[in-house]
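Note sheet for the following structure.
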Amino acid sequence: MNKSDILTLPHKVESRNQLDRKHWAVKRQCKKIWALFVRNQMKLKKVREAEVGEKFKLTIISYRTRLLDLDNLYGGCKQLLDACSDEKLIWDDAPKYLDLKVEQHKSKKFETIIIREKS
């Protein structure tokens, strides 16, 4: 794995419960914010775009002050995964193309780390 396959995003993964209560337009705005962070990190670290049909293992690590239930954590990653797909960090978020692992760690500052590995 190259170091360029690790993206550090200064943004917090929200819980699925928080996202479910938001208006669709606000959810779209969340996805745009994630896309901006992903695009920026890909350019800074010179991460190549995914090719057609390419399969990846993606690990998302959420650093947060309060830990979530796993279903809330995975559900909260939806906008982030959509942004990763839109920005071509991954080809598609379907299980055929993506092996996803999400974890969380307690921290005083919010941060999200994405580790992409070729599957």
Practice prompt. Between beta-carbons, use under 11 Å as the cut-off and find the net charge around residue 63, counting Lys and Arg +1, Asp and Glu -1.
Written response: +3
Worksheet item: Assigning unit charges at the beta carbon (Lys, Arg +1; Asp, Glu -1) and nothing else, what dipole magnitude in debye, to the nearest 20, does segment 4-100 show about its Cα centre?
Response: 420
Response to the item:
Long-range amide H partners of residue 104, meaning residues 5 or more apart or on another chain whose placed amide H is closer than 5 Å, are 62
Item to complete: Return the aspartates and glutamates within reach of residue 106: Cα separation strictly under 18 angstrom, same-chain partners fewer than 8 residues apart disregarded; answer none if there are no such residues.
Response: 14, 69, 71
Item to complete: Using a Gaussian network model of the chain whose springs link C-alpha atoms within less than 10 Å, name the residue from 62, 107, 15 with the highest mean-square fluctuation.
Response: 107
Worksheet item: Which aspartates and glutamates have a Cα less than 16 Å from the Cα of residue 57, not counting those fewer than 8 places away in the same chain?
Response: 5, 49, 82, 92, 93, 99, 103, 117
Worksheet entry | When the convex hull of its Cα atoms is projected in every direction, mean area for segment 1-61 (nm²) | 5.3
Worksheet item: Considering only segment 27-119, what is the antiparallel percent among its DSSP beta bridges, to the nearest 5?
Response: 45
Worksheet item: At each listed q (0.09, 0.16, 0.21, 0.24 Å⁻¹), what is the log10 of I(q)/I(0) that the Debye formula gives for the chain modelled as equal alpha-carbon point scatterers?
Response: -0.22, -0.72, -1.25, -1.55
Worksheet item: Rolling a 1.4 angstrom probe over the protein heavy atoms, how many square angstrom per residue are accessible across the chain?
Response: 60
Discussion item. At most 13 other C-beta atoms within 10 Å and a DSSP loop state: those are the exposed GluC sites (Glu not before Pro) I care about. Give me the longest piece of the chain that has none.
Written reply: 52-119
Worksheet item: Using alpha carbons only, how many degrees (0 to 90, rounded to 10) separate the axis of helix 24-44 from the longest principal axis of the chain?
Response: 40
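The values are calculated or read from the model by the stated rules, or taken from the named source; none is laboratory data. Every value quoted in this text rests on a predicted model; they were computed, and no experiment measured them. A quick note on method: Cβ atoms are made from the backbone with ideal geometry, for glycine too, and the neighbour counts reach across all protein chains shown. The area values use the complete protein model at the heavy-atom level, side chains included, leaving out ligands, DNA and RNA. Shrake-Rupley method; radii C 1.70, N 1.55, O 1.52, S 1.80 Å.
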